[in-house]
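Scroll down for the structure; my scribbles are underneath it.
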Amino acid sequence: MIEWISEDLPAPAAGEVLIEQSAIGLNFIDTYHRTGLYPVPLPSGLGLEAAGTITAVGEGVEDFKVGDRAAYMGPGKDGLGAYATRRIMPVAGLFKLPDDVPSDIAAAALLKAATVEGLVERCAKVQTGDWVLVHAAAGGVGLIMVQWLKAIGANIIAAASTDAKLELARKAGAHHTILSGADDLAARVQELTGGTGVSVVFDGVGKDTFEVSLDCLASRGLLVSFGNASGPVEGVNLGVLASKGSLFVTRPTLGHYYATPEDAAAGIARVWDMIGSGKVKVTIGAAYPLSEAANAHRDLVARKTIGSVILLP
Ligand code: NDP
């Protein structure tokens, strides 16, 4: 259950700031926290990502001042809690917004684009000319990923569940599209790649697509299984990876790719560059009042949303 509560906030302590939030990013992980797939101690706030303007700073804060715009994509001292009108956050997890990145775009894109940066550039290290398959290509992560891969010069096959979603993926730069659930995905991928298969599959769908993702890969290809939109992948028989072509599978999480402040700063600089240069255009598919967060969750899990969804305080 998601419930709206009022809470008085103290003044920010040393190393913290108070943020008047302009927009909150809805992420699929919020649904895992809500359902308990990723357990959190209850009762709990919800949400990892928001952007806004700093209205007070605690002692010893030097890199941020009142009036600066900033965004974050992780928990605070109090755990989850980005679904809020105002929030106290430690400066360690804050990123200053460049002038050319509006706060709603930052909330819509920071976590998703950082995920794409980490998966495409650091995890899979996609190169120009590589064949890649992207599942859920019209989703929040998906639309950013297709544009990012296009900028690198990859050959992109996009899968999604409706023709309207496939049209969005094409506009974002996908060279080929496949209707998931209707088309024989693996056969179509083999056909498009001349029987070779793709070098990399980016799969945030999880349980429903794990097997077919393996069947889409070239010999010694890499499955990047980075999410559980349809449920978690369990009970993997490693022998299958040998019989299907000495395949690689990884289950990455952003925290391990942004483990140090330097790694995170470099990744976020790249994110602002891709957005600022227009190589990645962020689609805000829907904006819900924060008070309607429950409806936003319902639509996200019902596969009704496209692009990024934000909540407005
Ligand atoms: P999306 O906007 O992509 O929404 C999820 C999409 O998954 C849906 O729109 C739908 O697209 C597809 N889907 C397929 N099967 C189901 C199902 N049974 N129920 C619901 N959706 C389904 O969400 P996000 O962009 O927020 O996140 C995408 C994925 O990335 C998630 O799995 C998320 O957990 C993961 N993620 C992982 C991170 C990491 O560090 N590992 C960080 C950030 C995100 P369609 O209808 O086209 O199939």
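If you take the residues in the range 23-44 that are buried (at least 17 other Cβ atoms within 10 Å of the Cβ) and farther than 18 Å from Ala229 by Cα, which one is farthest from the ligand (Cβ to nearest atom)? My answer is Ala23. Scan the range 40-92 for residues that are among the charged types (D, E, K, R), out of contact with any Leu (no Cβ under 8 Å at 6 or more places or on another chain) and touching a residue at least 40 places away in the same chain (Cβ under 8 Å) and report the count. Looking only at that region, the number is 2.
Within the bounds of the range 274-293, is there any residue that is loosely packed, with under 15 Cβ neighbours inside 10 Å and within 10 Å of the ligand (Cβ to nearest atom)? Within the range 274-293, not a single residue is loosely packed, with under 15 Cβ neighbours inside 10 Å and within 10 Å of the ligand (Cβ to nearest atom).
With respect to Gly221, is the statement that it is buried (at least 21 other Cβ atoms within 10 Å of the Cβ) and away from the ligand (no atom under 16 Å from the Cβ) true? Here the answer is yes, as Gly221 does meet what is asked.
Kindly check whether there is at least one residue in the range 290-298 that is within 22 Å of Thr209 (Cβ to Cβ), under 17 Å from the mean Cα position of the chain (by Cα) and small (Gly, Ala, Ser). No, the range 290-298 has no match at all. Taking each residue of the range 248-277 that is outside the structural domain of Asp104 (by TED's automatic domain parsing) and looking for partners that are part of a helix (DSSP H, G or I) and among the basic types (Lys, Arg) with beta-carbon atoms closer than 8 Å, six or more apart or interchain, yields Tyr257/Arg122; Gly267/Arg122.
Taking the condition of being touching a strand residue (DSSP E or B) at 6+ places or on another chain (Cβ under 9 Å) and farther than 19 Å from Ser103 by Cβ, how many residues in the range 255-278 meet it? Here the count works out to 2. Has the range 235-247 got at least one residue that is loosely packed, with under 15 Cβ neighbours inside 10 Å, in the same structural domain as Gly142 (by TED's automatic domain parsing), farther than 23 Å from Arg170 by Cβ and within 16 Å of the ligand (Cβ to nearest atom)? The answer is no, given that none of the residues of the range 235-247 is loosely packed, with under 15 Cβ neighbours inside 10 Å, in the same structural domain as Gly142 (by TED's automatic domain parsing), farther than 23 Å from Arg170 by Cβ and within 16 Å of the ligand (Cβ to nearest atom).
Looking at the range 254-273 only, could you name the residues that are closer than 17 Å to Leu48 by Cβ and either within 15 Å of the chain's Cα centre (by Cα) or surrounded by 19 or more Cβ atoms within 10 Å (Cβ to Cβ) (or both)? Correct list: Leu254, Gly255, His256, Tyr257, Tyr258, Ala264, Gly267, Ile268, Val271.
Looking at Val198, Val146, which is the one that is under 29 Å from Leu37 (Cβ atoms), buried (at least 24 other Cβ atoms within 10 Å of the Cβ) and more than 15 Å from the ligand (Cβ to nearest atom)? Steps first, answer last, please.
Working: Val146 fails: more than 15 Å from the ligand (Cβ to nearest atom).
The match here is Val198.
Is there a residue in the range 227-240 that is closer than 17 Å to Gly142 by Cα and not small (Gly, Ala, Ser)? Scanning the range 227-240 turns up at least one residue that is closer than 17 Å to Gly142 by Cα and not small (Gly, Ala, Ser). Scanning the range 163-191 for residues that are under 23 Å from Val301 (Cβ atoms), crowded, with 16+ Cβ neighbours inside 10 Å and out of contact with any Lys or Arg (no Cβ under 8 Å at 6 or more places or on another chain) turns up Lys165, Leu166, Leu168, Ala169, Ser180, Leu185.
Would you mind stating whether Gly79 is of a type outside the set (S, T, N, Q), surrounded by fewer than 23 Cβ atoms within 10 Å (Cβ to Cβ), in contact with a Gly (Cβ under 7 Å, 6 or more places away or on another chain) and within 24 Å of Ser225 (Cα to Cα)?
no
Looking across the range 207-218, just one residue is more than 14 Å from the ligand (Cβ to nearest atom) and part of a loop (DSSP other than H, G, I, E, B), and that is Cys216.
State whether the residues of the range 209-218 include one that is free of Cβ contacts under 8 Å to residues at least 40 places away in the same chain, in contact with a Phe, Trp or Tyr (Cβ under 8 Å, 6 or more places away or on another chain) and not assigned by TED's automatic domain parsing to the domain that holds Asp100. Spell out how you get there, then give the answer.
Pass one, the range 209-218, residues free of Cβ contacts under 8 Å to residues at least 40 places away in the same chain: 210-212, 214-215, 217.
Within this subset, residues satisfying the condition of being in contact with a Phe, Trp or Tyr (Cβ under 8 Å, 6 or more places away or on another chain) are none.
No, because not a single residue in the range 209-218 is free of Cβ contacts under 8 Å to residues at least 40 places away in the same chain, in contact with a Phe, Trp or Tyr (Cβ under 8 Å, 6 or more places away or on another chain) and not assigned by TED's automatic domain parsing to the domain that holds Asp100.
The set of residues from the range 164-183 being modelled with pLDDT of 95 or more, more than 11 Å from the ligand (Cβ to nearest atom) and out of contact with any helix residue (DSSP H, G or I) (no Cβ under 7 Å at 6 or more places or on another chain) comprises Glu167, Arg170, Lys171, His175.
The values are calculated or read from the model by the stated rules, or taken from the named source; none is laboratory data. Nothing here was measured: the structure is a model prediction, and the numbers come from that model. Cβ: placed from backbone, ideal geometry, glycine included. Neighbour counts: every protein chain shown.
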